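Following: one structure in structure tokens, then a few remarks.
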Amino acid sequence: MLKKTSITLTLALLAALGMHAGAAQQYPTFEQAKAHVTDTGYIAFIYPAGWDKHGEKLCRKLIATDAVKTAAADAALLLAPIYQIRDEKNNASAKKIMGALGYPGDMADISYPAIIFYEKGGRQYATIHGRELMRATPEQVAGLVKQRLSAKKKQEELLSKSRAATAPGEKAKLLLEASRVSGIAWPGGLREAIQAADPGDKHGYLGVLNFGFSPRQEESLQDFLKRLDAVLKNELYTPWQKQRACAAAIGHIRRSLGTMAGGSLITKYAKAMHKLNPDSTLGVSAPVVMRDWVRRYRYGQGWSQDIIPSAPIPMLMHDVPMAKPGTYQVTFKLTTGRDGIRINRLRLMDGDRCIATDDTPRDVSWGNTQQVYTFSVKSPLKAPALEITYGNAPDKRSSWGEIRVTSPK
């Protein structure tokens, strides 16, 4: 009877204090929380003090919500202000609560109110803020808290496996996987750990982690695009990384070749960017890129200094009058300019299908003002186009001319 009474009193006391078995506990200051912190670490609810009453009300409500406290497991909870006017008094007030975790205003890329997650040692590893926090119900916030803690647990498991691994490649691979756990930051010292696990980066994991894609100094466009194609084929890179590479390439192509000469390449990589993740920001932007950054090269425009690309990139001339079966002559005739043109290759296309090709390089110059190609069309074409690969050097493009299609009788 005495034991039963004791249990009843204990439960009543816990209820009176607003505490529940298995729920996280709130502490007034970091120093008090530090005395009770577990490996789960700290979760700080940071509210805008005096300048956002809704944000302050939200944080006070969430930290006291049973679902949120249960989701936070055995983390130590803190409720701390961030002030718009950071005078000596306000700074001291915030730092008294946050202690060694630091004043929340020192943390970049976070809007307030915010929920910030810290390791036991004080390193910040995750946040919930902005639209994700402001538009969520308390139950949804509880789910987000649980997700962040689960992600941290998964990351720790990968780090533990990497420590146990003996093969350099396997150890480095597990470390890279730990960096890709969704919703949380990289583990501390990750680059150094991968470098130590795989000196010389023989397996390429450090290069993938340090990913950045842009043109190198003195690198030709062809070599740049070869690097891009290698990235797109490499399974180590994430869809997000590949999309970033496509976006960088599209900008570089536009600057290098323009919207007409570079149109086919811009279209190619915009389609790849969209396919990788249609719902992402870059995926959604791809159709806009193809609409606004691509000018079609059409029959009747001939060639000019502005049309000839600075690199031997295939250009697609649309709407050529070669849809019906028959024999056609394509004539390139020089009309003005200092330079002629070099035609490295000419292909007759029907959509993505090659109907005929002439790979023999030809020159049109003032010594030989025209070149004539002959192609045969055996069945009707739906979208006839000429793929022209000009071969002029960047400083040899002062040239204008006509391109005519005729069908001899």
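Descriptive notes on the structure:
- Of the residues V405, V372, V364, the single one that is hydrophobic (A, V, I, L, M, F, W, C) and in contact with a Pro (Cβ under 8 Å, 6 or more places away or on another chain) is V405.
- Matching helices (runs of 4 or more DSSP H) fully within region 141-217 where at least 1 residues are in contact with a helix residue (DSSP H, G or I) (Cβ under 9 Å, 6 or more places away or on another chain) and open to solvent by 50 Å² or more (accessible area, probe 1.4 Å): 168-179, 190-197
- Per-region count, region 324-357, residues within 16 Å of A393 (Cα to Cα) and open to solvent by less than 70 Å² (accessible area, probe 1.4 Å): 6
- In summary, strands (runs of 3 or more DSSP E) completely within region 265-365 and bearing 1 or more residues that are under 22 Å from S220 (Cα atoms) occur at 314-318, 341-350.
- Taking residues in region 123-139 that are free of Cβ contacts under 8 Å to residues at least 12 places away in the same chain and surrounded by 15 or more Cβ atoms within 10 Å (Cβ to Cβ), and partners anywhere that are among the β-branched types (V, I, T) and not in a loop (DSSP other than H, G, I, E, B), the pairs with Cβ atoms closer than 9 Å and at least 6 places apart or on different chains are A136/I128.
- Hey, Y27 under 21 Å from Y125 (Cα atoms), touching a residue at least 24 places away in the same chain (Cβ under 8 Å), aromatic (F, W, Y) and open to solvent by 30 Å² or more (accessible area, probe 1.4 Å) or not: yes
- Summed over region 218-239, the residues that are hydrophobic (A, V, I, L, M, F, W, C) and open to solvent by 20 Å² or more (accessible area, probe 1.4 Å) give a count of 3.
- Yes/no for L257 being farther than 15 Å from P309 by Cβ and surrounded by 15 or more Cβ atoms within 10 Å (Cβ to Cβ): no
- All positions within region 150-186 that are within 20 Å of the chain's Cα centre (by Cα), farther than 22 Å from E235 by Cβ and of a type outside the set (A, V, I, L, M): G183
- Within region 370-381, the set of residues being open to solvent by 50 Å² or more (accessible area, probe 1.4 Å) and assigned to a loop (DSSP other than H, G, I, E, B) comprises K378, S379, P380.
- Enumeration of residues in region 55-110 that are touching a Phe, Trp or Tyr at 6+ places or on another chain (Cβ under 9 Å), open to solvent by 40 Å² or more (accessible area, probe 1.4 Å), not in a helix (DSSP H, G or I) and not hydrophobic (A, V, I, L, M, F, W, C): Y83, Q84, R86
Residue-wise test of (1) on the phi > 0 side of the Ramachandran plot; (2) without any contact (Cβ under 8 Å) to a residue 40 or more places away in the chain; (3) among the aliphatic types (A, V, I, L, M).
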{"residue": "A196", "(1), (2), (3)": "no, yes, yes"}
{"residue": "L209", "(1), (2), (3)": "no, yes, yes"}
{"residue": "K242", "(1), (2), (3)": "no, yes, no"}
{"residue": "C246", "(1), (2), (3)": "no, yes, no"}
{"residue": "S256", "(1), (2), (3)": "no, no, no"}
{"residue": "A261", "(1), (2), (3)": "no, no, yes"}
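- Exactly one residue out of P312, P384, P321 is open to solvent by 50 Å² or more (accessible area, probe 1.4 Å) and modelled with pLDDT of 95 or more, and it is P321.
- Failed item in (1) among the basic types (K, R); (2) within 30 Å of P394 (Cβ to Cβ); (3) open to solvent by 50 Å² or more (accessible area, probe 1.4 Å), with K242 passing the rest: (3)
- Of residues in region 387-405 being polar (S, T, N, Q) and surrounded by 15 or more Cβ atoms within 10 Å (Cβ to Cβ), the one nearest to R345 (Cα to Cα): T389
- Selection within region 218-251: residues that are at pLDDT 90 or above and assigned to a loop (DSSP other than H, G, I, E, B). The member of this set that is nearest to P312 (Cα to Cα) is E219.
- Criterion applied to G99, G105, G50 was being modelled with pLDDT under 95 and touching an Asp or Glu at 6+ places or on another chain (Cβ under 6 Å), and the one residue passing it is G99.
The values are calculated or read from the model by the stated rules, or taken from the named source; none is laboratory data. Note that the structure is predicted; figures quoted are calculated from it, not measured. Cβ: placed from backbone, ideal geometry, glycine included. Neighbour counts: every protein chain shown. Remember, those area values only see protein heavy atoms, side chains included, never the ligands or the DNA or RNA. Shrake-Rupley method; radii C 1.70, N 1.55, O 1.52, S 1.80 Å.
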